[in-house]
Amino acid sequence: MASTKMGEAVTSRALRTEFGRRLARQRLARNVTQAALAESAGVGLRTLRRIEAGEPSGFDSVLRIVIALGLADALISGVPEHAIRPIERVDSPRGERQRARPPKTSEASERWSWSEPP
């Protein structure tokens, strides 16, 4: 479970609830009805109501609503772009990482013999 800067636990439910509440406030600030937003976003009215209530929904539906409210830039800025640092370019001639690999295990766990099961 992740935590915020203030140390409180963050769950997917809490994040969905807060995200839905904020979307609803943005919609109301623009004086847009749920029906009008659902239509312009291309999602069902029930889907919009579920998202605003913090209930589970499809990511594509959330994206459509965010785009319809004109908040796409705000959403994408929430995930910072990772830029390779110059020192990483020097240390790794292969350039930017394309895959993640599991951490190396200790030598003690790798040692075994034919007489022992792995």
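Derivation of every value follows stated rules applied to the coordinates shown; laboratory data play no part. This is a predicted model, so every value here is computed, not measured. Note that each Cβ is placed from the backbone with ideal geometry, even for glycine, and that neighbours are counted across all protein chains shown.
Tally Lys/Arg at +1 and Asp/Glu at -1 over every other residue whose Cβ is under 10 Å from the Cβ of G42; what's the total?
On the way: positive: R64; negative: E39, D60.
Local net charge: -1.
Taking the Cβ of L71 as the center, what net charge do the other residues with Cβ under 12 Å away carry, scoring Lys and Arg +1 and Asp and Glu -1?
Working: positive: R22, R25, R27, R30, R64; negative: D73.
Cβ neighbours under 12 Å give a net charge of +4.
Once phi is turned into θ = phi - 60°, what whole-Hz ³J(HN,Hα) does the Karplus curve with 6.51, -1.76 and 1.60 give for every residue of the stretch 17-26, x standing for Gly and Pro?
3J(HN,Hα) across the stretch 17-26, in whole Hz: 4, 5, 4, x, 4, 5, 4, 4, 5, 5.
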